[in-house]
1. So how do A:58-67, B:70-79, A:82-91, A:102-111 stack up, highest first, on mean other-Cβ count within 10 Å?
2. For peptide A:159-166, compute the average count of partner chain beta-carbon atoms within 10 Å of each residue's beta-carbon.
3. Compute the separation of the alpha-carbon centres of the range A:11-61 and the range B:111-135 and state it in Å as a whole number.
4. Quick one: angle between helix B:20-29 and the longest Cα principal axis of chain B, in degrees between 0 and 90, rounded to 10, please.
5. Mind checking which of B:335, B:53, B:290 is farthest towards the positive end of chain B's charge dipole, using Cβ charges of +1 (Lys, Arg) and -1 (Asp, Glu) about the Cα centre?
6. With a cut-off of 8 Å between alpha carbons and a minimum separation of six or more residues, what is the relative contact order of chain A in percent?
7. Please get the size of the charge dipole for the protein assembly as shown, origin at its Cα centre, with Cβ charges of +1 on Lys and Arg and -1 on Asp and Glu, quoted in debye to the nearest 20.
8. Take peptide B:317-330, look around each residue's Cβ out to 10 angstrom, count Cβ atoms belonging to other protein chains, and average those counts.
Amino acid sequence: MLAPSFLILVASGLYIHKPSRVWGFRSMDSARKAHFIAQYFFGFYFLARAYYAVVTRDYRKIFPGVKDIIALPKFVAYELFLKKKKPKYPRYNPGQKLLYSQMALLFPLQIITGAVLYLTGKLQKLSRFFGGLNNVRLAHYLTTVGLSSMVAGHIYFALTDSVEKLKSIFTGYFKPK
Amino acid sequence: MISRNKFSRVFQKHGSHSGVTARLGTSLLSKGKRNRLPVIWLGTNTCAGDSISLLNSLDPGYRAIISDLIDLRYYHFGMPAEGDKSTGVLEDTLAERPGEYVLIVEGTIPTRSNGLYCVIGNRRGKPFTALDAVQELGAAARYVVAVGTCASFGGPYAAHPNPSDGKAVHKVLDRQVINVPGCPAHPDWIVGTLAHLVWYGEPELDEYNRPTLFYGETIHNLCQRRHYFDSGIFSAHPGEPWCMYKAGCKGPVTFADCPYRQWNGEHLNWPVKANTPCIGCVSPEFPDHTEPFFEHLPDIHLPQVTVNANRVGAVTGVLTAIGIGGHLVASIIKGRLPKTLKKGFSPAKPGIEILQTTPAQILVDSIKKMLKKKR
């Protein structure tokens, strides 16, 4: 659910940023409606995922540890085609862990800045931390740019690693072959 | 005397109809003529735009304001007195009416070189700096009002590179400051805030200490051209008669009632009606973080470099595309991708399926189990 709602949020968000039919929306009204519906799916699913990570202590598998940092050069060498043999990891490779930990920080920032822009009056207090609402808008845009770049890389590497992993990003199911 | 609610209603909803404020003023001004609040209007580092704006007030006019509403004792822009005669008024008010007067400050307070970048006069043969004046007079005032964006948040006079180290009033005073921003502030915002202070005390303020009476809603939500925004009909350039959003309008992130109050004393026009975008002049980040005015997002100031946010987005997009594209080509050449795809699309091998659990899968499976149990 995170992936489809994220893609809708990015497309509608980029329309809101710079209105153009390239993003697949005919009017600001339709882009805003899509953005506001997707934000609830994204927000609640993210909270559920975060809850799951805390309750099951799954977060330990997401954030990189010392072992992952040691294993990083081997992983980078493989991804840069300097080594032929694919290193094996229990669940996530160091690259994935680095990516997920950045997402774990940027997604909440994105949700907070989005909420401030959505409820401009009620959450005015939060906008003070950014120095004003226009700065919130800038932070929201830059986070989108960063996250979009990461998600594009995430989807691409899933494809090159395993088709099943790519499917699991959208379906939630992973069946190794 | 009319109720506070009616006062707010009249000022909020009917600000653009000339005559309403006059009617409101007449009913109120007659009552408190004897108890006019002493007011000191200090001009610090300022263009005097807010003073000129005040003079443009029509209902009530400047004459009615100073004769019926307030006891304007010191007004740098409009008083004929100078030298000791003028600065003496400040000392007299401080000595005779402590805790009673309203201090209005217009402009930033320069703090570099002990405030010597703005001297309002001489006192005992020494320069009387704006910094000293604001701190001394502000400490003993009943209310302190920062009029204009410079006094409220720093504004253009504290913009980069800010050679005088100019600061907003609330940054040099350790007390509550009511901000009435605007470049300049609308005469109704100044007079309305003053009237509220005189008759009802401190008005309801938002998180930036602005009266919600005038700064309670975004320009975007009050805009006459909002339907163009919703329908996706945008002006590409200033001068066109549609929604100014694509021309960099800051209406969605600016709290003010310009669309229905309109400028100036006659309530005739406002930027968007004149086919130019709102530049967000009442916002705390104005102007450094609302520039360029005709762009949607502000520039990002890095050491030695200033980059536009759109360029950051474009460069990141291009770098991502180059990175993924390069890796994709190498994957195809090295045979990694064809191998992965072949494996991915081949039929599953016979035998026991080993499923790896994912959070979504666990959630769906537990719902399925629960439904089965219920059946």
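1. B:70-79, A:102-111, A:58-67, A:82-91
2. Numbers: counts 7, 11, 3, 4, 7, 4, 2, 2.
Mean shielding by partner chains, rounded to a whole number: 5.
3. With the range A:11-61 and the range B:111-135 each reduced to a Cα centre, they are spaced 53 Å.
4. The helix B:20-29 is inclined about 50 degrees to chain B.
5. B:335
6. Taking the mean separation of contacting Cα pairs over the length of chain A, I get 19 percent.
7. Numbers: 67 positive and 38 negative charges, 905 e Å.
Computed charge dipole of the protein assembly as shown: roughly 4340 debye.
8. The mean count of partner-chain Cβ atoms within 10 Å per residue comes to 3.
Readers should treat all values here as calculations from the given coordinates under stated rules, not as data from a laboratory. From a predicted model like this one, the values you see are computed outputs, not experimental measurements. When we count neighbours, we look across all protein chains shown, and the Cβ atoms used for this are built from the backbone with ideal geometry, even at glycine.
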